[in-house]
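Structure, as structure tokens:
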Amino acid sequence: MSNSLLEGKRILVTQADAFMGPVLCEVFAKHGALVIASAQSLVDPDAPARVVASAGEIDVLVINLAVPAPITVAADVSDVEWRDTFAALVDPLPRLLRAVLPQMIERQAGKILLMGSASALRGMKRASTYSSARGAQLAYVQSVGVELAVHNIQVNAIAQNFVDNPTYFPADVQANPRFQERLRREVPLGRLVGAREDAEFAAYLCSEPASCFVGQIFPVCGGWVAR
């Protein structure tokens, strides 16, 4: 892709110090974007509005949210675990959109990209809380995506798994022989998707050539598929 793919675009990346945030900021800047990297927690109900207001006019909002994934069996999931996971991954979504949509609707232009998870696309043991929250994210994107298309605002999501990132696949996990065997067994690619591979795809979805996509969920999983 051209290094001018995002030339002049003002892109706000949330939770930019975690999950895909660092590599997204690097790749977007390489493509000419002016990146506004926010590391502020969005759990406080007022935080999304503050982050958007401080960013000023933005062309693209990249919603990058992450928490350590609970691995609790369903019978033991507590109200606190459920509430805290949804507070971190789901509740910020409408708050961010309430804050950013007025300026995008006024300009009749804008893009919103969610960095989500494919954990919602197939059943996974001990992941009911995390998968439910990630699934709610994808459902939200599908709904608002078709609603906002009339305003020339494109809302889409990347649903990823087995993508190299320090939050869910840190170096010690990747070095574990059991994890390496799992990759060979479950992922046709036989390896993690590279962080930059994922970020380059995100850059494309934030660019003008991707304006034909609305409310779409794009799996990025190294060949791992729902079943």
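The values are calculated or read from the model by the stated rules, or taken from the named source; none is laboratory data. Because the structure is predicted, anything quoted here is derived from the model rather than measured. So basically every Cβ, Gly included, is an ideal-geometry build from the backbone, and we count neighbours across all protein chains shown.
Mind checking whether some residue in region 42-56 is closer than 16 Å to Ala199 by Cα, in contact with a Leu (Cβ under 6 Å, 6 or more places away or on another chain) and of a type outside the set (Phe, Trp, Tyr)?
Narrowing region 42-56 to residues closer than 16 Å to Ala199 by Cα: none.
Checked against the condition, which is being closer than 16 Å to Ala199 by Cα, in contact with a Leu (Cβ under 6 Å, 6 or more places away or on another chain) and of a type outside the set (Phe, Trp, Tyr), region 42-56 yields no hits at all.
Can we say Ile217 is more than 18 Å from Phe28 (Cα to Cα), touching a helix residue (DSSP H, G or I) at 6+ places or on another chain (Cβ under 9 Å) and of a type in the set (Val, Ile, Thr)? Reasoning before the result, please.
Working: more than 18 Å from Phe28 (Cα to Cα): yes; touching a helix residue (DSSP H, G or I) at 6+ places or on another chain (Cβ under 9 Å): yes; of a type in the set (Val, Ile, Thr): yes.
Yes.
Does region 112-120 contain at least one residue that is touching a residue at least 12 places away in the same chain (Cβ under 8 Å), out of contact with any Pro (no Cβ under 9 Å at 6 or more places or on another chain) and among the polar types (S, T, N, Q)?
Yes.
Just to be sure, is Asp59 charged (D, E, K, R) and either touching a helix residue (DSSP H, G or I) at 6+ places or on another chain (Cβ under 6 Å) or surrounded by 17 or more Cβ atoms within 10 Å (Cβ to Cβ) (or both)? Reasoning before the result, please.
On the way: charged (D, E, K, R): yes; either touching a helix residue (DSSP H, G or I) at 6+ places or on another chain (Cβ under 6 Å) or surrounded by 17 or more Cβ atoms within 10 Å (Cβ to Cβ) (or both): yes.
When the stated conditions are applied, Asp59 passes them.
Considering only residues that are small (Gly, Ala, Ser), in a loop (DSSP other than H, G, I, E, B) and surrounded by fewer than 18 Cβ atoms within 10 Å (Cβ to Cβ), which ones fall in region 25-42?
Of region 25-42, the ones small (Gly, Ala, Ser) are 29, 32-33, 37-39, 41.
Still in the list and also in a loop (DSSP other than H, G, I, E, B): 32-33, 38-39, 41.
Residues satisfying the conditions are Gly32, Ala39, Ser41.
A quick yes/no check of all residues on (1) assigned to a helix (DSSP H, G or I); (2) at pLDDT 95 or above; (3) closer than 21 Å to Ser132 by Cβ:
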| residue | (1), (2), (3) |
| --- | --- |
| Asp44 | no, yes, no |
| Ser54 | yes, yes, no |
| Thr72 | no, yes, yes |
| Trp82 | yes, yes, yes |
| Arg95 | yes, yes, yes |
| Arg98 | yes, yes, no |
| Gln103 | yes, yes, no |
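Run down Val146, Val173, Val187, Val155 and say which single residue is of a type in the set (A, V, I, L, M), surrounded by fewer than 20 Cβ atoms within 10 Å (Cβ to Cβ) and within 26 Å of Pro94 (Cβ to Cβ). Walk me through how you get there before you give the answer.
On the way: Val173 fails: within 26 Å of Pro94 (Cβ to Cβ); Val187 fails: within 26 Å of Pro94 (Cβ to Cβ); Val155 fails: surrounded by fewer than 20 Cβ atoms within 10 Å (Cβ to Cβ).
From the options Val146, Val173, Val187, Val155, the qualifying one is Val146.
Among the numbered criteria (1) β-branched (Val, Ile, Thr); (2) surrounded by 17 or more Cβ atoms within 10 Å (Cβ to Cβ); (3) under 30 Å from Ser78 (Cα atoms), which single criterion is violated by Val214?
(3)
For the list (1) within 24 Å of Leu93 (Cβ to Cβ); (2) of a type outside the set (A, V, I, L, M); (3) under 18 Å from the mean Cα position of the chain (by Cα), I need the number of the one condition that Cys212 fails.
(3)
If I filter region 72-83 for residues that are among the small types (Gly, Ala, Ser) and within 17 Å of Ala120 (Cα to Cα), do I get at least one hit? Outline the logic, then answer.
Going residue by residue through region 72-83, those that are among the small types (Gly, Ala, Ser) are 74-75, 78.
Still in the list and also within 17 Å of Ala120 (Cα to Cα): 74.
Looking for residues that are among the small types (Gly, Ala, Ser) and within 17 Å of Ala120 (Cα to Cα), one finds at least one in region 72-83, hence yes.
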